[in-house]
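Chemist: Take this structure first; my questions come after.
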Amino acid sequence: DQQVKQNSPSLSVQEGRISILNCDYTNSMFDYFLWYKKYPAEGPTFLISISSIKDKNEDGRFTVFLNKSAKHLSLHIVPSQPGDSAVYFCAASDQGGNQFYFGTGTSLTVIP
Amino acid sequence: EPEVTQTPSHQVTQMGQEVILRCVPISNHLYFYWYRQILGQKVEFLVSFYNNEISEKSEIFDDQFSVERPDGSNFTLKIRSTKLEDSAMYFCASSEDRMETQYFGPGTRLLVL
């Protein structure tokens, strides 16, 4: 039962352009969402989060958008840099916060 | 910057053997978690731990699994009798509070033969 879905397993973007990574969820009780970045042979690293009371959160080159009615969130990276090449995981939690549900990840390649 | 550490980085074991995966969470964190990622699949939640007891566990976390905080710094995951399907990357994470960001360790790659 996949409660968090990332339907694009991979994405390639030219350096300097915008990268848009998408995530859909099914559980309407989810109210806290995070994006993690993962390099090979390393653990996931926190990138940015958003709670359901907001529809946008920005941190430097990274912006997360939340559309609660569509149960959809996206991560925008602009401008994309080669060092952004990694696997990006979307994760969601309900108000309990004990358990985070992860998507399957999207592998981003930024081409110099 | 404080970080979560895990040992060993790799573990190879025979089916049926017991393994203990170790984690040192960030020192002022109170919530601890174990996740696993089978190769090519999503990261799956196993268990959360707070105040010296399990606060939530997934259906993956059956009687073969146990967690412990044996002292003030370590957080361990024990698999009592490993199965082939336990082969995965196991990540430990910790957070200051329940809804705070979880910081992940680098993982332990477990291979069960």
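Chemist: Projecting each Cα onto the charge dipole of the protein assembly as shown (Lys/Arg +1, Asp/Glu -1 at the beta carbon, about the Cα centre), which of A:Trp35, B:Ser55, A:Val78 comes out farthest on the positive side?
Modeler: Positive-most Cα among the choices belongs to A:Val78.
Chemist: Just name one of B:Ser81, B:Leu46, B:Ser94: the one whose Cα is farthest towards the positive end of the charge dipole of the range B:5-112 (beta-carbon charges, Lys/Arg +1, Asp/Glu -1).
Modeler: Going by the charge dipole, the pick is B:Ser81.
Chemist: Over all alpha-carbon pairs of the protein assembly as shown, lay out the pair-distance distribution in 5 Å bins, whole %, shortest bin first.
Modeler: 1, 7, 15, 18, 19, 17, 12, 7, 3, 1, 0
Chemist: Further, regarding this structure: Could you give me the ³J(HN,Hα) list for the range B:11-24, computed from phi with Karplus coefficients 6.51, -1.76, 1.60 and θ = phi - 60°, whole Hz, x at Gly and Pro?
Modeler: 9, 10, 9, 7, 3, x, 7, 8, 10, 10, 9, 10, 9, 10
Chemist: List, in order, the whole-Hz ³J(HN,Hα) value for each residue of the range B:43-53 obtained from phi through the Karplus relation with A = 6.51, B = -1.76, C = 1.60 and θ = phi - 60°; use x for Gly and Pro.
Modeler: Going residue by residue, I get 6, 10, 6, 10, 7, 10, 9, 8, 6, 6, 8 Hz, with x marking Gly and Pro.
Chemist: Averaging over every viewing direction, what projected area does the convex hull of the Cα atoms of the range A:4-95 cover, in nm²? Please report the intermediate quantities before stating the final value.
Modeler: On the way: hull surface 23.5 nm².
Across all orientations, the range A:4-95 yields a mean hull projection of 5.9 nm².
Chemist: Whole-Hz Karplus ³J(HN,Hα) for the range A:62-79, in order, using 6.51 cos²θ - 1.76 cosθ + 1.60 and θ = phi - 60°, x for Gly and Pro?
Modeler: So the J values, rounded to whole Hz, are 10, 10, 10, 10, 10, 10, 5, 5, 8, 6, 9, 9, 9, 10, 10, 10, 8, x.
Chemist: Do me a favour and compute the ellipsoid semi-axes for the range B:52-113 from its Cα gyration tensor, root of five times each eigenvalue, largest one first, whole Å. Could you put the intermediate results ahead of the total?
Modeler: Details: eigenvalues 94, 40, 29 Å².
Semi-axes, largest first: 22, 14, 12 Å.
Chemist: Could you tell me which GluC sites (Glu not before Pro) in the range B:1-104 are loop residues by DSSP with no more than 11 other beta carbons within 10 angstrom of their beta carbon? Spell out each step's value before the answer.
Modeler: Working: sites: B:Glu3, B:Glu18, B:Glu44, B:Glu53, B:Glu56, B:Glu59, B:Glu68, B:Glu85, B:Glu96, B:Glu100; in loops: B:Glu3, B:Glu18, B:Glu59, B:Glu96, B:Glu100.
Passing both the DSSP loop test and the Cβ count: B:Glu18, B:Glu59.
Chemist: Based on the alpha-carbon gyration tensor of the range B:5-112, what equivalent-ellipsoid semi-axes (square roots of 5 times the eigenvalues) come out, in whole Å, largest first?
Modeler: After scaling each eigenvalue by five and taking roots: 21, 14, 13 Å.
A short reminder: the numbers here are calculations on the coordinates, not readings from a lab. What you see is a predicted model; the values in this text were computed from it and never measured. Here Cβ is always computed from backbone atoms with ideal geometry, including for glycine, and neighbour counts include all displayed protein chains.
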